[in-house]
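Reviewing the structure listed below.
The values are calculated or read from the model by the stated rules, or taken from the named source; none is laboratory data. Given the structure is predicted, the values throughout are model-derived calculations rather than measurements. Virtual Cβ from ideal backbone geometry, glycine too; neighbours counted across all protein chains shown. Areas reflect the complete protein model, heavy atoms only, side chains present, ligands, DNA and RNA absent. Shrake-Rupley method; radii C 1.70, N 1.55, O 1.52, S 1.80 Å.
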Amino acid sequence: LNQARESITKMGFYQSQIAGLEGSLQKAGYKIPMQEEIPLILGWISHLANQNDVKIDQMVPDKSSQELLLTNRDGKYYSFPIRVQARGGYHHIGRFIDQLEKDKTFKNVTLFTIAANPADPLRHSLNLTIRVVILEKKEGADPAGS
């Protein structure tokens, strides 16, 4: 009960922090895609991989592991994981990940492993989890507000 009272008294502070973070994202040019844009995100990841000579073996969006980050007037913001298995050379993989992180869609790489491939010493096995922040719009929310 005491924790609830304390949280209620800090509500204004939390809301101002959220507004500040949203402003920072917009100033930095980051885009938070809507849930319907997940196929476009997958296509962009595939495009970056091809551009950097990284061969994707499997790319799986994992809706069952998404985490709710925030609910506000616009809708619900989720951390949405995309698991990628791929193959490529060290330098190719490095450029691919660099371009993923420089892209303006708000995301980060949360799991990253490279293993040698005995069958092809020039192409290493890559396992990667990319977490993309997505917005599930609330009915009637202003589309310009995101």
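Here is how the numbers come out for the structure above:
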read-out: Residue list for the range 29-42, restricted to those being without any contact (Cβ under 8 Å) to a residue 60 or more places away in the chain and open to solvent by 40 Å² or more (accessible area, probe 1.4 Å); value: Glu36, Pro39, Leu40
read-out: Selected residue (criterion: least open to solvent (accessible area, probe 1.4 Å)) from residues of the range 86-119 that are of a type in the set (Lys, Arg) and more than 27 Å from Glu67 (Cβ to Cβ); value: Arg87
read-out: Leading residue by the ranking (modelled with the lowest pLDDT) among those in the range 61-77 that are in a strand (DSSP E or B) and open to solvent by less than 30 Å² (accessible area, probe 1.4 Å); value: Asn72
